[in-house]
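Participant: Before I ask anything, here is the structure I am working with.
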Amino acid sequence: MKRLWQNLSARLTSPLLIALLLGAGFMAFVAWDQSHWWRVKEDYGFGWLVPAFVAFVVYDRWEKIAATVGACAAPGSPRASGVVGKLQTIAVVAVMILGVLFFLLGAFYRAGAGTSQPGTLALTLGMIGIVLPLIYFNAPPTPAPTVAGFGRDPRLKLAALFLFPALVWLVSAPLVSAIDQQLRLFLLRKVVTVVSVVFEVLGLPLEQQGNVLVLPSGGTVGVEDACSGIRSLTGCLFAGSFLAAVFLQRWWQKIALVVAAMILAFVTNLARGLFLTSWAYRYGADSISGEVHDIAGYAVLGLTVVGLLLLLPIFNLRIRAAEDVPGSEIDLPPAKKDE
């Protein structure tokens, strides 16, 4: 860590260092605001891990950050210019203005109404909109920049290295009530419908009454909010995002793994619903309360994480070392020299 810090500090400019410290301050404030929900809402209890995981990802990318900072300051470093450059600057400025407005909205909301879901979400969105443009605008300048098209500007690459540390706070922030309730209701209906159809196909009588399944014995299995799958969805989305940020390099790989995390969370939660209903069908409705219910819930998260780990080799994890080390292609001697 000391070597990496020395490597980066040698290339840091005062504006960039201040921008990074301000970004850390904004994230610390958002963590403090969100900690209320991590305490009171079990669905977001994984939020306590977010600060540690953000710090780990920054540490894991430290060498890349140092190399990108050096690329920004190198003579002849490419910069978007002309119409492309103006559009790029306008876009980043617009993001920053929106970030400031959202952060102020969240701050006023919190000052007037206390801790609230809309206020927390606004603060989180505002932090993201402020931190990333700060890093972009405070990247080291370059003497005699060369003209480059959109996407080749190293300032964008530097800001992109902080996408996960900034965006992951959206996962640990509670959704506003309207969206949260609609998502829960959608997941509840899907779980109940699929369980009812599966039992009907198997020839096992089961009556569906809203979110309640009536057993032949007269007992009922109620699918409550805790069983909707929102907890496993948010937790697995966080796990998938972290694994994608640490172990995968290409954007399509990262997006594919996050989508796979959501699909796995939904499928495993359906499996939990089928298991609990089957258990109640055989041993009675009261048998699924307590330990059986909790163990099934934790199994959902465990199976999803295991599934994501098994998917990593499919996304070319084995070539990660060769792709990650800057200049690795140059450092390797030609084959004829080894003979």
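Participant: Could you order the peptides 79-90, 39-50 from most to least packed, using the average number of other C-beta atoms within 10 Å per residue?
Facilitator: Values: 79-90: 14.3, 39-50: 17.2.
Listed from highest to lowest mean packing, they are 39-50, 79-90.
Participant: Using θ = phi - 60° and the Karplus relation 6.51 cos²θ - 1.76 cosθ + 1.60, list the HN-Hα couplings for segment 83-93 in order, rounded to whole Hz, with x at every Gly or Pro.
Facilitator: Rounded to whole hertz, the list is 4, 4, x, 5, 5, 5, 5, 4, 5, 5, 4.
Participant: To the nearest 20 debye, what is the magnitude of the charge dipole of segment 2-174 about its Cα centre, counting +1 on the Cβ of each Lys and Arg and -1 on the Cβ of each Asp and Glu?
Facilitator: Values: 13 positive and 6 negative charges, 93 e Å.
Rounded to the nearest 20 debye, it is 440 debye.
Participant: Same structure, new question: I'd like the Karplus ³J(HN,Hα) series for segment 268-280: coefficients 6.51, -1.76, 1.60, θ = phi - 60°, whole numbers in Hz, and an x wherever there's a Gly or Pro.
Facilitator: Once θ is set to phi - 60°, the couplings for segment 268-280 become 5, 5, 4, 4, 5, x, 5, 5, 5, 5, 5, 5, 5 Hz.
Participant: A follow-up question, please. If packing is taken as the mean number of other Cβ atoms within 10 Å per residue, what is the order of 194-206, 59-71, highest first?
Facilitator: On the way: 194-206: 13.7, 59-71: 18.4.
Per-residue Cβ counts within 10 Å, averaged per peptide and sorted highest first, yield 59-71, 194-206.
Participant: Continuing with the same structure: Normalised by the empirical 2.2 N^0.38 Å for globular proteins, what value does the Cα Rg of segment 178-324 take?
Facilitator: 1.22
Coordinate-derived values only; no laboratory data. Computed from a predicted model, the values in this text were never measured in an experiment. Positions of Cβ are generated from backbone atoms using ideal geometry, with glycine treated the same way; all protein chains shown enter the neighbour counts.
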